[in-house]
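Let me begin by presenting the structure, written as structure tokens, before commenting on it.
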Amino acid sequence: MEGELVSDPGSAATDRFALARRAVAAIGTTLDDRRTAAELAAFLVDELCDSATVDLYGPQEGHREPGESLRSAAVAGRRDLLDSLEKAPRDQVSVRALDAGHPITASSTHGGPALATLSVPLLAWDRVYGVVLVLRAGRPFDDHETAAVHHAARLAAAHMRHAEEQREAGPRVWDLRKVLPADPERMHPDVELAARHVPCGTGGRVGGDWYETLHLHSGRVLLVVGDVMGHGLDAAVDMNAYRSTLRLVASTDLAPHGILRRLDAMMSAESGRRPATCLLALLDPADGTALLASAGHLPPVLFHHDGTAGPVPLRVGPPIGTGPGTGLAAHEATRLPLAPDDTLVMFTYGLIERRGEDIDTSLARLPGLRAGPGTEAGELLDGILGAFLCAPGSGRSDDDVAVLAARLRPRP
């Protein structure tokens with residue numbers, strides 16, 4: 001708690017807006033309800049009270065039935081204040097707030113110093129997820145402080161509702177992912193392939209990242225990595241639409257930049273589709289090259305046979321679905337020679353994104369990795385994922401990851 005409210009009305013309003021901004025930044029960083037409850041309690045203790053406790057209903061209930069009990073989810077601050085508050089008065093204040101649907105304030109002494117309590121239901125879209133109880137030794141909570149607690153509680157409840165929707169959408173999204181199964185590690189006589197996908201976050205949250213490998217005639221292989229903007233069921237539906245349309249366009253034997261132009265024209269004509277970034281690489285084992293084209297996507301990284309690595313310079317065109325739909329978007333191709341044992345690694349934004357870090361700084365980390373001689377493509381991807389997603393303090397964003405590696409096999 002950071003002291004008394006100031007008396008100047010203008011300063012007080014500024015402080016309240018600043019407090020609301022801090023609540024948005026502190027509460028709901030994941031889709032885990034207990035984590036959200038803990039963030040709510042910690043925020044309130046830091047800003048407004050001496051002690052806070054959050055009780056939740058079960059994850060599948062969403063509303064209170066007669067006789068149903070709350071479950072403790074988080075406690076922060078001075079536990080001695082909670083211990084000093086008799087169980088019956090504590091439950092009474094919480095139940096009154098739940099029944100009323102709005103904050104309830106109370107004060108008591110119980111033979112000791114005055115203890116102010118404030119109970120607020122966690123209510124979002126007419127659904128109650130629990131209740132938060134805050135306590136402070138001394139003066140009662142004023143109207144501004146009550147409103148601040150109410151705002152924080154509604155913010156936490158909104159995040160819990162969002163997490164619930166993501167959990168409900170999860171099974172449908174994973175069913176959609178099975179409609180167009182990718183088979184990146186299907187044997188190819190001239191190309192070693194490996195791919196990995198890491199789902200985002202917790203609680204069934206889903207994203208729109210995908211990879212694809214298409215075996216074309218004349219022994220060529222088209223590699224695809226894409227990222228539909230946003231998360232949830234809509235992003236997954238659009239992801240499958242992009243994948244199926246891209247397969248159709250690729251069957252016409254266009255070059256990668258031609259595929260992107262045609263794909264952009266087709267998808268821009270469909271109203272409501274989310275934009276997507278996409279990176280294509282057409283591998284030709286016969287001449288040892290890759291022809292690459294990017295639609296707003298991050299460049300791939302080439303790991304050389306001596307263990308060094310570096311990003312591939314590309315001319316980057318606009319994301320798919322953002323142009324006029326004329327098929328004349330500025331997508332261009334770049335030809336890349338591939339030496340024996342070179343490994344091309346393509347990935348989505350979630351691999352390198354770090355909270356609070358510039359994307360160029362994050363991108364520069366990947367070429368810093370070293371692959372030993374003889375490292376298989378799958379082993380290289382496992383090492384990359386371990387270094388970027390599992391390292392302590394990695395600060396990984398709450399996004400899914402798709403990563404694809406390809407290496408030309410030595411020709412006899």
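Taken together, the values in this text are just the output of simple stated rules run on the coordinates, not laboratory data. As the structure is a computational prediction, the values presented were derived from the model and not from experiment. Glycine also receives a Cβ, built like all others from the backbone with ideal geometry; neighbour counts cover every protein chain displayed.
Exposure proxy for E212, E165, E353: other Cβ atoms within 10 Å of each Cβ, ordered fewest to most, give E165, E353, E212. Within the range 252-324, list the trypsin sites (Lys or Arg not before Pro) lying in a DSSP loop whose Cβ has at most 15 other Cβ atoms in a 10 Å radius. Counting only loop positions with at most 15 other Cβ atoms within 10 Å, the trypsin sites (Lys or Arg not before Pro) in the range 252-324 are R315.
Taking label positions 7 Å along the Cα-Cβ direction at both E168 and R79, the computed distance is 3.7 nm, reported to one decimal. For the range 208-228, no residue has its backbone nitrogen under 14 Å from a point 7 Å from the Cα of T252, taken along Cα to Cβ.
Electrostatic bookkeeping for P373 treats Lys and Arg as +1 and Asp and Glu as -1; over the other residues with beta carbon under 10 Å from its beta carbon, the sum is -2.
A crude spin-label estimate for the pair D287 and S218, with each label 7 Å from Cα along the Cβ direction, gives 0.8 nm. Ordered by the number of other Cβ atoms lying within 10 Å of each residue's own Cβ, fewest first, L291, L254 fall into the sequence L254, L291.
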